[in-house]
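The values are calculated or read from the model by the stated rules, or taken from the named source; none is laboratory data. Values in this document were obtained by computation on a predicted structure and should not be read as measured data. Glycine also receives a Cβ, built like all others from the backbone with ideal geometry; neighbour counts cover every protein chain displayed.
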Ligand code: AR6
């Protein structure tokens, strides 16, 4: 596994990193899954700040403070809902990773952590999503010094095993 990419299994809200990425929906006003966990950990002030952002398009990213989380920032991105694969889903997911990495760089985040965007409630196939996440991250790190490290945080065993295999290949 390359030095600047890390893999862990667990809850992203507990991580001591500069920025945690949130797999949000276009309203940015909270939801289930990792989004719900991040809003609970950050506290009720997060939805108030998000309300001022005017939502977010699929594939784009917006930044808020981490509030009560250990992370300084939350980078909210909106993944695509899987609709069979013929609706630009892969390109939109790739765009999420690129947008988040760009925002991390703009905010001088040395260490960031990604959840497995779109692979829960949005039903994106996990292996395809993992391949896109790793490809886009490797490409960005190759041409950028910041972020210095990217941690993929897998919640479920299936994603963890997929990432482990792909990162070691
Ligand atoms: N830490 C890390 N990963 C987690 C956590 C956690 N605490 N909780 C869940 N995951 P999902 P999506 C994993 O459904 O598919 C929300 O309602 C989970 O196992 O959170 O992008 C939003 O508001 C899965 O691998 O996000 C949107 O409406 C991954 O996070 C919608 O869900 C993503 O699953 C977004 O759906």
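Tell me, which residue of region 141-169 that is out of contact with any strand residue (DSSP E or B) (no Cβ under 9 Å at 6 or more places or on another chain) and part of a loop (DSSP other than H, G, I, E, B) is modelled with the lowest pLDDT? I'd like the intermediate steps shown before the answer.
We begin by selecting, within region 141-169, every residue out of contact with any strand residue (DSSP E or B) (no Cβ under 9 Å at 6 or more places or on another chain); these are 142-146, 158, 165-166, 168-169.
Filter once more, keeping what is part of a loop (DSSP other than H, G, I, E, B): 144-146, 168-169.
On the way: 144: 98, 145: 98, 146: 98, 168: 94, 169: 84.
Filtering first and then ranking leaves 169.
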Looking only at region 16-35, decide whether some residue is part of a loop (DSSP other than H, G, I, E, B) and within 27 Å of residue 169 (Cβ to Cβ). yes
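Would you call residue 137 within 15 Å of the ligand (Cβ to nearest atom), under 12 Å from the mean Cα position of the chain (by Cα), within 25 Å of residue 164 (Cα to Cα) and modelled with pLDDT of 95 or more? Please lay out each step first, then the result.
Values: within 15 Å of the ligand (Cβ to nearest atom): no; under 12 Å from the mean Cα position of the chain (by Cα): yes; within 25 Å of residue 164 (Cα to Cα): yes; modelled with pLDDT of 95 or more: yes.
In short, no.
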Any residue in region 18-38 that's over 18 Å from residue 97 (Cβ atoms): show its pairings with residues that are part of a helix (DSSP H, G or I) and within 8 Å of the ligand (Cβ to nearest atom) at Cβ separation under 7 Å, as long as the two are six or more apart or on different chains. 30/36; 37/13
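Take region 44-56 and flag every residue that is in contact with a strand residue (DSSP E or B) (Cβ under 7 Å, 6 or more places away or on another chain) and away from the ligand (no atom under 12 Å from the Cβ). Steps first, please.
Quick first cut of region 44-56, residues in contact with a strand residue (DSSP E or B) (Cβ under 7 Å, 6 or more places away or on another chain) only: 46, 49-50, 53, 56.
Correct list: 46, 49, 53.
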I'd like to know if region 121-130 contains one or more residues that are near the ligand (Cβ under 10 Å from one of its atoms), assigned to a helix (DSSP H, G or I), in contact with a strand residue (DSSP E or B) (Cβ under 9 Å, 6 or more places away or on another chain) and over 18 Å from residue 4 (Cβ atoms). no
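Inspect region 85-95 for any residue being within 12 Å of the ligand (Cβ to nearest atom), assigned to a helix (DSSP H, G or I), in contact with a strand residue (DSSP E or B) (Cβ under 7 Å, 6 or more places away or on another chain) and closer than 23 Å to residue 31 by Cα and give the result as yes or no. Full working, then the answer.
Our first condition is that a residue be within 12 Å of the ligand (Cβ to nearest atom); within region 85-95, this holds for 89, 92-93.
Next, from what is left, pick out any that are assigned to a helix (DSSP H, G or I): 89, 92-93.
Now narrow it down to the ones that are in contact with a strand residue (DSSP E or B) (Cβ under 7 Å, 6 or more places away or on another chain): none.
Checking region 85-95: not a single residue is within 12 Å of the ligand (Cβ to nearest atom), assigned to a helix (DSSP H, G or I), in contact with a strand residue (DSSP E or B) (Cβ under 7 Å, 6 or more places away or on another chain) and closer than 23 Å to residue 31 by Cα.
Quick check: is even one residue across region 60-83 at pLDDT below 95, more than 9 Å from the ligand (Cβ to nearest atom) and more than 16 Å from the chain's Cα centre (by Cα)? Walk me through it before giving the result.
Of region 60-83, the ones at pLDDT below 95 are none.
Scanning region 60-83, I find no residue that is at pLDDT below 95, more than 9 Å from the ligand (Cβ to nearest atom) and more than 16 Å from the chain's Cα centre (by Cα), so the answer is no.
The rows are residues; the columns are (1) within 26 Å of residue 163 (Cα to Cα); (2) loosely packed, with under 14 Cβ neighbours inside 10 Å.
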site	(1), (2)
13	yes, no
16	yes, yes
45	no, yes
54	no, yes
58	yes, no
80	yes, no
85	yes, yes
96	yes, no
101	yes, no
Top-ranked residue of region 144-158 - restricted to ones that are over 14 Å from residue 97 (Cβ atoms) and more than 14 Å from the chain's Cα centre (by Cα), ranked as nearest to the ligand (Cβ to nearest atom): 156
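For region 74-84, which positions are within 12 Å of residue 25 (Cα to Cα) and assigned to a loop (DSSP other than H, G, I, E, B)? Walk me through how you get there before you give the answer.
Keep residues of region 74-84 that are within 12 Å of residue 25 (Cα to Cα), which gives 76-81.
Selection gives 79, 80, 81.
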What tally of residues in region 19-43 results from selecting those that are surrounded by 23 or more Cβ atoms within 10 Å (Cβ to Cβ), under 15 Å from residue 113 (Cβ atoms) and more than 8 Å from the ligand (Cβ to nearest atom)? 5
